[in-house]
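The block underneath contains the structure these notes are about, expressed in structure tokens.
Values in this text are rule-based calculations from the coordinates and carry no lab data. Note that the coordinates shown come from a computational prediction; the quantities given were computed from them, not determined experimentally. No Cβ is skipped: glycine too gets one built from the backbone with ideal geometry, and neighbour counts run over all protein chains shown.
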């Protein structure tokens with residue numbers, strides 16, 4: 001039993017999928033199915049990460065930031081705040097968190113290199129946050145973007161010898177996949193809101209720079225991954241069914257994730 005629980009496939013794929021799918025179905029009637037992502041993520045954290053507040057390493061900071069983002073997203077959904085301007089505040093907050101997480105590592109680099117990395121992290125996190133926040137009322141697009149951000153980041157990090165970051169990234173992708181699958185099966189839209197989009201923005205915004213700084217993931221994977229939420233905005237015919245939209249959006253965003261993974265593989269060969 002212990003061997004099964006400790007297997008990477010169980011930790012990074014099976015556990016988050018089951019947790020996210022159950023959460024999606026159970027909380028849909030409360031319009032809180034967006035909690036599926038953080039439920040899937042937390043199941044992986046429970047299995048792979050020794051999380052406590054005694055010593056906040058970069059990975060523990062990422063986990064903590066994701067949990068706080070989920071709470072904030074939930075609060076905004078509960079008070080029904082849909083003001084577009086809030087996404088810019090989220091973007092600024094996420095970029096500050098990105099610097100906080102990366103700061104101990106950036107301090108060890110030369111000033112010029114640290115400055116370039118810092119600017120890149122800020123731009124990437126603001127870009128990701130704004131684009132994904134704009135999908136808060138579009139479950140098929142938000143789920144597709146989150147699924148392939150998680151897959152692209154998770155597989156790339158795993159290939160770059162960062163198993164924990166890889167499993168955390170994959171858990172987000174798998175959780176979003178479970179959320180989408182529930183909609184494909186039912187043929188009905190399940191609400192996402194900022195309960196889903198803010199944790200995706202925060203976690204995917206933090207995990208990719210961490211994979212670049214802490215492991216061997218190529219830096220030029222960052223702008224490629226950043227294209228995933230942009231592709232999720234691609235216009236589709238309004239007459240298309242929900243199932244068809246999910247399939248097409250998932251394929252389009254998966255192409256970008258696959259490109260990221262392929263580049264990582266070529267760099268490591």
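Before moving on, here are some points about what is shown:
- Degrees separating the helix 163-186 axis from the principal Cα axis of the chain, which is the longest one: 10
- Stretch gain in nm, segment residue 71-residue 188, where the contour uses 0.36 nm per residue and the Cα spacing is subtracted: 39.6 nm
- As a proxy for reagent exposure, 179, 124 were ordered by neighbouring Cβ count within 10 angstrom, fewest first; the result is 124, 179.
- Cα centroid separation - the stretch 191-269 against the stretch 95-112, whole Å: 24
- The gain in end-to-end length when the residue 26 to residue 79 segment is fully stretched comes to 17.0 nm, 0.36 nm per residue minus the alpha carbon separation.
- Compared with the dominant Cα axis of the chain, that is its longest principal axis, helix 58-78 is turned about 30°.
- The stretch 42-180 shape via C-alpha gyration tensor axes, a/c threshold 1.5: oblate
- Relative contact order computed over the chain (Cα-Cα under 8 Å; 6+ residues apart), in percent: 27
- Estimated at 0.36 nm per residue, the fully extended path between residue 7 and residue 113 surpasses their Cα-Cα distance by 34.4 nm.
- Label zone (residue 161, point 7 Å along Cα-to-C-beta; backbone nitrogen cut-off 20 Å) within the stretch 229-264: 261-264.
- For the stretch 1-153, relative contact order (Cα pairs under 8 Å, six or more residues apart, normalised by length) works out to 16 percent.
- C-alpha long axis of helix 193-214 to longest principal axis of the chain, angle in °: 20
- Think of it as helices only: each DSSP H run of n ≥ 4 in the chain is worth -39500 (n - 2.57), and spread over all residues that comes to -24500 deg cm²/dmol at 222 nm.
- GNM flexibility winner over the chain from 78, 131, 30 (Cα, springs under 10 Å): 30
- For the chain, modelled as a GNM whose springs connect Cα atoms under 10 angstrom apart, the maximal fluctuation among 16, 235, 223 occurs at 235.
- When the Gaussian network model of the chain links Cα atoms closer than 10 Å, the mean-square fluctuations of 37, 247, 164 top out at 247.
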